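One structure is given here, and the rest of the page talks about it.
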Amino acid sequence: MSEKISLVVPCYNEEEVLPYFYEEFCKVAEKLSEFQLEVIFVDDGSKDRTLAIVKELAEKDTRVKYLSFSRNFGKEAAIYAGFQHADGDYVAMLDADLQDPPSMLPEMLRGIREEGYDSVATRRVSRKGEPPIRSFFARRFYRLMNRISTAEIMDGARDYRLMTRQFKEAILEISEYNRFSKGIFGWVGFKTKWIEFENVERKAGETKWSFWKLFKYSLEGIIGFSTAPLAMVSMLGVGVCCIAFLFLIFILIRTLCFGDPVAGWPSMTCIILMLGGIQLLCIGILGMYLSKTYLETKKRPIYICGETNIKDKSIQE
């Protein structure tokens, strides 16, 4: 029996691009005719006709599977759900917007089958078409993460990757509620080959990732894979205490020598405000870690399935 490749495709309001993606899927399926292929569309609570289009594709092509959430749970939940329902010998994760070209799959497959890698991942060598400020902060984020985290995160890494079943099962072992896949992929280890390619713009539709959403996502990665912010808060506290002690000595000496304890109140006000700001910053950082712990202890399901055409496979949460 031929080996099977499962493609996991998270979707959120992708009605415009889905026909183009399916066309590309059929093309790559012809190139990989010696394999069984299936594509699992995970509808993340879309508000357009995404689910309706996927159902239409599933009616005419048995290789098309779908899993629809009861509401929007986020891309990370969609990735996790897709992995749970992918039973292929090889599993690929890619976006529906064709910024992750399906035509690269044969090359990625050779990396696993012929070169002995456990996964083959992609990274962009350019960010053509992306706003400069977004590119700047993205590069700073990858540099920061590799300094403060033990999980390797390649600069320009895409979520697009092909992996063995063993690699996929290792991902599923990490069932935490607050997920950051780029960090999880690096944390589980295994041998990974990186393929570089030029940035590809969306085939149709608009990106769902605003600068603010990317910023919040980057915080998820920092908090989920590093305790460096907590160490920074501790060092900052020690530093402020040392400065305050030196300033206290300065005030005592000045008062004893010049008898002028009242002068300088504007500077004192600024110092008090600065210290108050530092305290709020530190409390905020501690609060973010505490909030993640709070969400984990609730043991809520990562997603809730609304409907699916995947047969003989129980919905896991």
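Select the strands (runs of 3 or more DSSP E) contained entirely in segment 20-130, then report the ones holding at least 3 residues which are under 19 Å from ASN309 (Cα atoms). Break it down into steps so the answer makes sense when it comes.
Working: elements: 36-43, 64-69, 90-93, 119-124.
Correct list: 36-43, 64-69.
Kindly establish whether GLY129 is at pLDDT below 65, surrounded by fewer than 12 Cβ atoms within 10 Å (Cβ to Cβ) and on the phi > 0 side of the Ramachandran plot.
Details: at pLDDT below 65: yes; surrounded by fewer than 12 Cβ atoms within 10 Å (Cβ to Cβ): yes; on the phi > 0 side of the Ramachandran plot: yes.
It is true that GLY129 is at pLDDT below 65, surrounded by fewer than 12 Cβ atoms within 10 Å (Cβ to Cβ) and on the phi > 0 side of the Ramachandran plot.
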Qualifying positions in segment 1-27 - surrounded by fewer than 18 Cβ atoms within 10 Å (Cβ to Cβ) and in contact with a Phe, Trp or Tyr (Cβ under 7 Å, 6 or more places away or on another chain): SER2, GLU3, LYS4
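Regarding PRO10, is this residue under 17 Å from GLN84 (Cβ atoms), out of contact with any Ser or Thr (no Cβ under 6 Å at 6 or more places or on another chain), at pLDDT 85 or above and not in a loop (DSSP other than H, G, I, E, B)? Talk me through it step by step, then tell me what you get.
Working: under 17 Å from GLN84 (Cβ atoms): yes; out of contact with any Ser or Thr (no Cβ under 6 Å at 6 or more places or on another chain): yes; at pLDDT 85 or above: yes; not in a loop (DSSP other than H, G, I, E, B): yes.
Yes, satisfied.
The values are calculated or read from the model by the stated rules, or taken from the named source; none is laboratory data. The structure displayed is predicted, hence computed values, not measured ones. Positions of Cβ are backbone-derived with ideal geometry, glycine not excepted, and every protein chain shown enters the neighbour counts.
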